[in-house]
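Q: One structure follows; several queries about it will come next.
Please treat every number below as a calculation from the coordinates, not as lab data. Here the structure is a predicted model, which is why all the values come from computation and not from measurement. Using ideal geometry, Cβ is built from the backbone for each residue, glycine included, and neighbour counts are taken over all protein chains shown.
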Amino acid sequence: MERIDNRNHNQLRDISIETNVNIHAEGSVLITFGNTKVICNASIENNVPRWMKNSDEGWVTGEYGMLPRSTNERMGREAARGKQSGRTQEIQRLIGRSLRQAVNLRYLKGKTINVDCDVIQADGGTRTASITGGCVALFLAIKNHHDDQRAIKSYIAAVSLGIKNNKVLLDLNYEEDSTADTDLNIVMNDKNDLIEIQGTAEDAPFSKSELDDMLELGSSAISEIIKKQKACIE
């Protein structure tokens, strides 16, 4: 099938990762997946959550938000409504879980690293872009502002996939995502190990062989994305 932006079914959108975009944050990036753009800022604090006070480990957590005009029509700020949506909370938890797999928490003892991911322009894949850019911001913060480099464990990245008209598609933009028969997001590390799979049959159930095809294509794409991440850090 022909895609909206003329990509092949197994082709990523153009990806760029610009580092040190915020003079205040310990680590910061502007990551772009096609027309999706997310600013990721990593901040190191010399404390841990109350429930970790007696722990020998530090903590990494993520926050996520979409700016009011990041989408086709202006959306109200969640702060003005007084609460976050269920979608925002779910994505924040996903980002936090994923980024904690990138670090050795015992080498962050007594510290918390907050990774804020703010979507300034959305065209599908905002959560996968946030995880991918958040990892780079996190590693920049550790590399430049933390004494123990053993805190860095493994690169992680994420990508979206879908099935439309019985064809597996990689890195969906919004129009493809909103009309896909199946949605899948995967997070993996640089050892090709899976960290998280989020998959939903929007129209009809998908088969195990289709899942295998998506995982294989996603794994290859994440390896390519991690090469871009490493070029920014190393």
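Q: How about segment 115-125: which of its residues are part of a loop (DSSP other than H, G, I, E, B) and on the phi < 0 side of the Ramachandran plot?
A: The initial filter retains those residues of segment 115-125 that are part of a loop (DSSP other than H, G, I, E, B), namely 122-125.
122, 123 - these are the residues of segment 115-125 that are part of a loop (DSSP other than H, G, I, E, B) and on the phi < 0 side of the Ramachandran plot.
Q: If I filter segment 190-234 down to residues being out of contact with any strand residue (DSSP E or B) (no Cβ under 7 Å at 6 or more places or on another chain) and of a type in the set (Asp, Glu), which single residue comes out as surrounded by the fewest Cβ atoms within 10 Å (Cβ to Cβ)?
A: For segment 190-234, the residue satisfying everything is 234.
Q: Can you confirm whether residue 165 is surrounded by fewer than 21 Cβ atoms within 10 Å (Cβ to Cβ), of a type in the set (S, T, N, Q) and in contact (Cβ under 8 Å) with a residue 40 or more places away in the chain?
A: Numbers: surrounded by fewer than 21 Cβ atoms within 10 Å (Cβ to Cβ): yes; of a type in the set (S, T, N, Q): yes; in contact (Cβ under 8 Å) with a residue 40 or more places away in the chain: yes.
So residue 165 fits the description; yes.
Q: Considering only residues of segment 98-143 that are over 23 Å from residue 16 (Cα atoms), surrounded by fewer than 24 Cβ atoms within 10 Å (Cβ to Cβ) and aliphatic (A, V, I, L, M), which is nearest to the chain's Cα centre (by Cα)?
A: 105
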